[in-house]
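Heads up: the structure comes next, in C-alpha cells.
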Amino acid sequence: MGAVIRLPSSWYPTDSVDEWGRDAHLIERLTPFAAMRWSVDVGGAHHLPKRSGALLVTNSWRFALNTIYSAWALSDATGRPVRFGGRSDIAPFGPVMQRIGGLLGSPAEIGGALRAGQLVIVSAASSAHPRRAGAVDPALIAASLAAGTAIHPVASVSTPFGRAARVEVGQQVRVRVRQRPLDDVELAGLVRRQIQQLIDGAGES
C-alpha cells in the first residue's frame, strides 16, 4: 500500500475561508502559478467603489478564463476580494472554483453577493473572437439594479498562448435622463456597447 501524501497544514488553515467560500490563503498560494500563465496589466481600477458592491461585466471567449484572471488581478489592484460568477455546482470542479472565488451564475446568488457589498465580475456570452463583446444577460443586470449597486463594463484582452493580458475597468454605467427609463434588456445592450468600446480602446495585448 502506497504512502499517504499529506499537505502541510499551512496550505489549508481553517480560518481563511469566508462566508462565500473564497479561500484567501489558497489564492495566495496559487497566485505564483497563475502568474506563470498570465501577466495582467490593470487599468481603471480606481473607478470601482471602495466599500460598496458593484457588478462588473466583461467580455468572454472560448477557453480564455477571462473572469478568473480578471477577478484575481482586480483583487490585487483594489485590495478587495473580487468574486467571479459562473462556477459549476458539480463536484469536484464546483467546490474548487468556489474556493478560488467562484459564485454560481444564478441571479439569486449574484444578487445576494452584491447586496452584501461584494465586487462580482460576470462574463457576457462567449464570443468566437477575443475582441468582440457578446450579449449581456439582462437577468444579471436586473439583479444588480435590485441590489442597488453600480454596474461597470470591463474589457479583458488576452491571447490563446501568450502571457500578456489587459483588464480595463470603465466608469459606472450611467443613463441620461429620459422620459422612459431603460428596461433590463436595453441596459444590457448599453453595457455590451460600453464593453466593446473599452476593448477597441485597449490595443493589442
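Computed from the coordinates by the stated procedures, all read-outs in this text should not be read as laboratory data. This is a predicted model, so every value here is computed, not measured. Cβ coordinates were reconstructed from backbone atoms using ideal geometry, including for glycine residues, and neighbour counts include every protein chain displayed.
Specify the angular offset, from 0 to 90 degrees and rounded to the nearest 10, of the alpha carbon long axis of helix 66-78 from the longest principal axis of the alpha carbons in the chain.
With rounding to tens, the tilt is 90 degrees.
Can you give the net charge of the other residues whose Cβ lies under 11 Å from the Cβ of Ile195, counting K and R as +1 and D and E as -1?
Once positives and negatives cancel, what remains is +2.
Name the most mobile residue of Ser70, Ser16, Ser126, meaning the one with the largest mean-square fluctuation, in a Gaussian network model of the chain with Cα contacts below 10 Å.
Comparing Ser70, Ser16, Ser126 in a Gaussian network model of the chain, the most mobile one is Ser16.
List the extent of the Cα atoms of segment 20-202 along each of their three principal axes, largest first, rounded to whole Å.
52, 33, 30
Run the numbers on the chain and let me know its relative contact order in percent, using alpha-carbon pairs under 8 Å that are six or more apart.
26
Under a plain spin-label model, where a point goes 7 Å from the Cα along Cα-to-Cβ, how far apart in nm are Lys50 and Glu19?
Modelled inter-label distance: 2.3 nm.
Around Arg87, which amide H atoms from residues at least 5 apart in sequence, or from another chain, sit under 5 Å from its own amide H, with H modelled in the peptide plane?
The answer is Leu103, Leu104, Gly105.
Considering only DSSP states other than H, G, I, E and B, which trypsin sites (Lys or Arg not before Pro) in segment 50-131 qualify as loop sites with at most 13 other Cβ atoms within 10 Å?
The qualifying sites are Lys50, Arg51, Arg62.
Specify the angular offset, from 0 to 90 degrees and rounded to the nearest 10, of the alpha carbon long axis of helix 24-37 from the longest principal axis of the alpha carbons in the chain.
Helix 24-37 sits roughly 80 degrees off the main axis of the chain.
Excluding Arg80 itself, what net charge comes from residues whose Cβ is under 9 Å from its Cβ, given Lys and Arg +1 and Asp and Glu -1?
Neighbourhood net charge equals +2.
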